[in-house]
Amino acid sequence: MTEELEAFEDAVIAEAPPGAVVVGASISPDGRYGVALTLLPSARDYPMDDLFERVGDRWVDAGGGSGTGISWSSLSEDGSNGVLRYGDEAPLGAAKAWVAYEGQEVEVPVHHGHFLFVAWDTDYHEDPRLVRFE
């Protein structure tokens with residue numbers, strides 16, 4: 001994990017309810033946005049899917065998604081480009097999920113029994129699809 005991603009996850013946890021854990025996180029290629037899927041174990045692993053925008057040296061909440069399932073947020077002025085998130089539960093013992101999107105299969109780590117797939121700079125013209133767990 002890069003220092004930048006680790007610092008982002010720390011910022012997410014600092015703003016989350018006490019006891020929350022990060023399942024997955026990603027920072028946009030330009031470094032302006034970040035997304036995170038967190039779980040709140042004290043609320044029966046309630047999932048929270050949040051989009052953040054970097055403002056100076058801080059991360060500011062810029063909205064949320066569905067928690068798990070598929071979420072897309074526009075990041076362009078004309079609404080044609082954005083970030084796609086797909087998160088869900090994984091079977092007990094799974095270490096990674098494979099997700100198909102735009103003709104590619106992507107390996108995604110499983111943490112705390114959940115996974116998060118993120119696609120930046122996409123127009124979201126197809127749903128990502130879970131292929132398998134390992």
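The values are calculated or read from the model by the stated rules, or taken from the named source; none is laboratory data. The structure displayed is predicted, hence computed values, not measured ones. Quick reminder, even Gly has a Cβ in these numbers, built from the backbone with ideal geometry, and neighbours come from all protein chains shown. Keep in mind that these areas ignore ligands, DNA and RNA; they rest on the heavy atoms of the full protein, side chains included. Shrake-Rupley method; radii C 1.70, N 1.55, O 1.52, S 1.80 Å.
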Task: Test for LEU84: is it modelled with pLDDT of 95 or more, in a loop (DSSP other than H, G, I, E, B) and more than 20 Å from GLU4 (Cα to Cα) - done: no
Task: Tally, over region 112-134, of residues that are within 18 Å of the chain's Cα centre (by Cα), within 28 Å of SER76 (Cβ to Cβ) and assigned to a loop (DSSP other than H, G, I, E, B) - done: 5
Task: Positions within region 13-36 being among the β-branched types (Val, Ile, Thr), touching a residue at least 24 places away in the same chain (Cβ under 8 Å) and within 21 Å of SER74 (Cβ to Cβ), in sequence order - done: VAL35
Open item on the list: Given (1) at negative phi; (2) among the acidic types (Asp, Glu); (3) not in a loop (DSSP other than H, G, I, E, B), identify the lone condition not met by GLU77.
Closed with: (3)
- [ ] Could you run through region 68-81 and say how many residues are within 15 Å of the chain's Cα centre (by Cα) and surrounded by fewer than 20 Cβ atoms within 10 Å (Cβ to Cβ)?
- [x] 5
Open item on the list: Can you confirm whether PRO109 is surrounded by fewer than 18 Cβ atoms within 10 Å (Cβ to Cβ), touching a residue at least 40 places away in the same chain (Cβ under 8 Å), in a loop (DSSP other than H, G, I, E, B) and not charged (D, E, K, R)?
Closed with: no
TODO: Starting from region 37-54, take each residue that is without any contact (Cβ under 8 Å) to a residue 24 or more places away in the chain and under 9 Å from GLY67 (Cα atoms) and list its partners that are in a loop (DSSP other than H, G, I, E, B) and of a type outside the set (A, V, I, L, M), counting only C-beta distances under 8 angstrom and pairs at least six apart or across chains.
DONE: TYR46/GLY67
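For every residue, the table says whether it meets (1) open to solvent by less than 20 Å² (accessible area, probe 1.4 Å); (2) not in a strand (DSSP E or B).
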| residue | (1), (2) |
| --- | --- |
| ALA7 | no, yes |
| GLY19 | no, yes |
| ALA25 | no, no |
| PRO29 | no, yes |
| LEU51 | yes, no |
| TRP59 | no, no |
| GLY63 | no, no |
| SER66 | no, yes |
Task: LEU37 vs. criteria under 17 Å from LEU5 (Cβ atoms), in contact with a Pro (Cβ under 7 Å, 6 or more places away or on another chain) and open to solvent by less than 80 Å² (accessible area, probe 1.4 Å) - done: yes
